[in-house]
Amino acid sequence: MVFRKILRAFGVGGPSVETELTDPHCRPGGVLEGTVQVTGGDHPVDVEYLAIGLITRVEVESGDSEYESGQEFHRQRLTGSFRLVPGRRHEVPFRFEVPWETPITEVYGQRLNGMSMGLTTELEVARAVDKSDLDAVMVHPLPAQERILEALLRLGFRFSRADVERGRVYGVEQRLPFYQEIEFYPPAAYASTLNELELTFVPTPERLQVVLEVERRSRHRPEGFGRFDVDYATIDQVDWPAELDGWLRRAR
């Protein structure tokens, strides 16, 4: 599937940029491939650089308030400086590595409520930077992430929403300045004691770090936390519904 977004940069007669993704679907730790085509306008310009970057929506807490902000969390320069003559096309292929901690946006072919992810293209001419609108990117779970999600769904949990929050998760190896929380409604078997379950994945090339947080109905009991690592090589050797059910019952 090919996504195309044409940016008319720097006013009438300026250069235009067209970004094409060979496939907008990817996984954490995977790649996005495509080309960026820059076409000269009606006068020559000196391009300082061409770059692409991944952007997601992040929730930021500031004092007693909270706001959302688009944050670019990974970028790649595709070129140095070059001369763009009128009408000339300059095509730049790219292979963009997706960070392992990239939040997932799709599960079972459906967009997670609350998530957005896109690839932006940035062109700098004469110290004026112009960015294109986002080309949508769909990030699917790793197989290990799918196993954990499948286990929770088999236990009867239902997706509520997901968001990305600025900050760090205690006790995990983390490189990006934010983390994703996927929220679930509890099934009847847990609903008498639990209001909500929050799941955070922090993948690395070697293992999947999983953090669980439960919000209890009783105000007199603190929230429950759990953290464990998943070995990619042995993920299928574990009865994950039973493992998660055991932890959740202890957390109640």
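Rule-based calculations on the coordinates, nothing more; no lab input. Predicted model only: the values in this text are computed from it and were never measured. All Cβ positions, even for glycine, are placed from backbone atoms using ideal geometry, and neighbour counts span all protein chains on display.
A few points about this structure:
- Per residue, the convex hull volume that the Cα atoms of the range 3-139 enclose (Å³): 124
- Semi-axis lengths, largest first, of the ellipsoid equivalent to the chain are 42, 18, 14 Å, with √(5λ) applied to each eigenvalue of the Cα gyration tensor.
- Ordering of 32-41, 191-200 by burial proxy (mean other Cβ atoms within 10 Å per residue, highest first): 32-41, 191-200
- Bridges between two residues of the chain, per DSSP, are antiparallel at a rate of about 95%.
- Rg and Dmax [Cα atoms of the range 143-251; Å; Rg one decimal, Dmax integer]: 13.7, 41
- Helix axis angle, 240-251 relative to the chain longest principal axis, alpha carbon, degrees: 60
- Per residue of the chain, the DSSP helices (runs of n ≥ 4 H) give a summed -39500 (n - 2.57) that works out to -3000 deg cm²/dmol at 222 nm.
- With a Förster radius of 25 Å applied to the beta-carbon distance between Arg249 and Arg161, the computed FRET efficiency rounds to 0.50.
- Among Ala144, Ala126, Ala189, residue whose mean-square fluctuation peaks in a GNM of the chain (springs only between Cα atoms under 10 Å): Ala126
- Mean Cβ neighbour count within 10 Å, used as a protection proxy, ranking 18-31, 65-78 highest first: 18-31, 65-78
- Among Val164, Ser65, Val139 - extreme Cα towards positive end, dipole of the range 53-190, charges at beta-carbon: Val139
- Percent of alpha-carbon pairs separated by more than 15 Å within the range 17-96: 66
- Cβ-defined net charge surrounding Tyr67, 9 Å radius [Lys, Arg +1; Asp, Glu -1]: -4
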